[in-house]
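Notes follow the structure.
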Amino acid sequence: MAERIFIQDMARHVGAEITLQGWLADKTDKGRLQFLRFRDGTGFIQAVVFQKEVSPEAFDAAKKLTQESSVRLTGVPRAEPRAPGGFELSVKDLQVVQIANEYPITPKDHGVEFLMANRHLWLRSPRQHAILRIRARIIKAIRDWFDNNGFLLVDTPVLTPSACEGTTTLFATDYFGVPAYLTQSGQLYNEANAMAFGKVYCFGPTFRAEKSKTRRHLTEFWMVEPEWAYGTLDDYMRVGEEFVSYVVQTILQERAPELQTLERDLTKLQNVTPPFPKISYSEAVEILHTHGYPDFQWGDDFGAPHETVISEQFAKPVFVHRYPTAMKAFYMALDPHDPKVCLSADLLAPEGYGEIIGGGERSADLAYLEKQLAHHNLPREAYEWYLDLRKYGTVPHAGFGLGIERTVAWLCKLDHVRETIPYPRMLEKIYP
Ligand code: 4AD
Ligand code: MG
């Protein structure tokens, strides 16, 4: 039996006899030549079965292979610049594991509804393969950046007794007779962890009962959230631009073939280097007034079309800082020069992708936070531990959250976040 190897390692095995184990993606029948497009999970390769070079049984089996049949191929790979992936396998032997019954996702075009209902199978396609390999590399780049820049990974809970980002999007569950909520953000715990460890981050799934059906909203999404003691709004924007630039440049270097599969225009990503432009909310409102939204009211939240217009003025992601205090969560620190606005900032991605980061400087002031909890109708008992942080050595501190799915959608230039996560959870969508 030849050595089993994987398509992703093919370059090291040119000229040697090897065995691949995987599935038939597609086939072209040219009589005495059978061209198999074969995949093993790590990549795709063209395999050629020539009648004269295999046993009659093996050739017959090759002719009968259906899409997604499982099969072992033994043969010799050679470099073939014209073949997708750069290699071609000359098949010597072939062993069928199972002939697949009519596979529902054929090479013809299918509607998104159908593909979403078959998400468990759709994951096998080259496009989903490229997107999810980019996702995995983004996650590794994120971890590398924080690990290499002095942040300690400190995990935060999924089941929580209280809200972080307002009470309207909470998923409630019964926790032995008392209500508990799926976390909307690890931030409040991050703040405690930052007081214990200085610079921390958490990375995990977060949940929002979003009733909105948009191309950017999931009910379950992954977020990385750094938080650090003695941090300010300006520190946050500096960290954010360094971090995001590192992630983008890493993907350009490490996932070039996948970006090519997705036909991604790279020039806009190559631009993503520090520093990023930084404008205030009030300046952003002025941009809206002169670019098609003369009636936009100071104090209103930006919708997707507004974010697109603002980001179109810049070649890089842009920070919008100092939003109206009333628009943002209870914990935001006030701007000492103008308490109508708070020390918050969002990062808007180019090309119409909108907000990918939200964050800011947190209030370090016990009396102010007590007032804010009451003002936002949040039950003080559930936040006593959080208030403790302002009693025992309170310091200025800052942090932010980057949404993984919106980042993947932007880097892959996808129309919708549903393809950025293996099993998307959305309004009216929990199967498969
Ligand atoms: O702006 P958000 O709500 O900020 C927070 O949760 C802060 N507590 C984070 C922090 O400071 N530690 O969410 C942060 C990011 C957004 O910019 C967006 O990228 C993503 O999380 N996000 C969503 N992604 C997909 N679907 C949703 N429903 C999302 N809601 C937020
Ligand atoms: Mg936000």
Query raised in the report: What single numbered condition from (1) within 18 Å of Phe44 (Cα to Cα); (2) of a type in the set (Asp, Glu); (3) modelled with pLDDT under 95 fails to hold for Glu88?
Result: (3)
Query - Boolean, Leu218 is under 24 Å from the mean Cα position of the chain (by Cα), under 29 Å from Gly41 (Cβ atoms) and within 16 Å of ligand 2 (Cβ to nearest atom) - result: yes
Query raised in the report: What about Val341, is it assigned by TED's automatic domain parsing to the domain that holds Arg127 and within 14 Å of ligand 1 (Cβ to nearest atom)?
Result: no
Query raised in the report: Got a number for residues in region 359-384 being among the charged types (D, E, K, R) and either within 16 Å of ligand 1 (Cβ to nearest atom) or in a loop (DSSP other than H, G, I, E, B) (or both)?
Result: 3
Requested in this report: List every residue pair whose Cβ atoms sit under 6 Å apart, with the two residues 6 or more apart in sequence or on different chains, where the first one lies in region 247-258 and is charged (D, E, K, R) and the second, anywhere, is part of a helix (DSSP H, G or I).
Outcome: Glu254/Arg137; Arg255/Ile134; Arg255/Arg137; Glu258/Ala130; Glu258/Arg133; Glu258/Ile134
Requested in this report: Pull up region 72-122, narrow it to residues that are under 17 Å from Leu20 (Cα atoms) and among the small types (Gly, Ala, Ser), then point me to the one that is nearest to the chain's Cα centre (by Cα).
Outcome: Gly85
Requested in this report: Please verify whether region 4-24 includes one or more residues that are in a loop (DSSP other than H, G, I, E, B), open to solvent by less than 20 Å² (accessible area, probe 1.4 Å) and at pLDDT 95 or above.
Outcome: no
Query raised in the report: Taking region 259-300 as the search range and keeping residues that are under 24 Å from the mean Cα position of the chain (by Cα) and without any contact (Cβ under 8 Å) to a residue 40 or more places away in the chain, which one is most open to solvent (accessible area, probe 1.4 Å)?
Result: Glu263
Query raised in the report: Among the residues of region 361-369, is there at least one that is of a type outside the set (Ser, Thr, Tyr) and either under 15 Å from Gly166 (Cβ atoms) or within 16 Å of ligand 2 (Cβ to nearest atom) (or both)?
Result: yes
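The values are calculated or read from the model by the stated rules, or taken from the named source; none is laboratory data. Computed from a predicted structure; not experimentally measured. Glycine gets a Cβ as well: all are built from the backbone with ideal geometry, and neighbour counts include every protein chain shown. Protein only, heavy atoms only, side chains kept; ligands, DNA and RNA dropped before computing areas. Shrake-Rupley method; radii C 1.70, N 1.55, O 1.52, S 1.80 Å.
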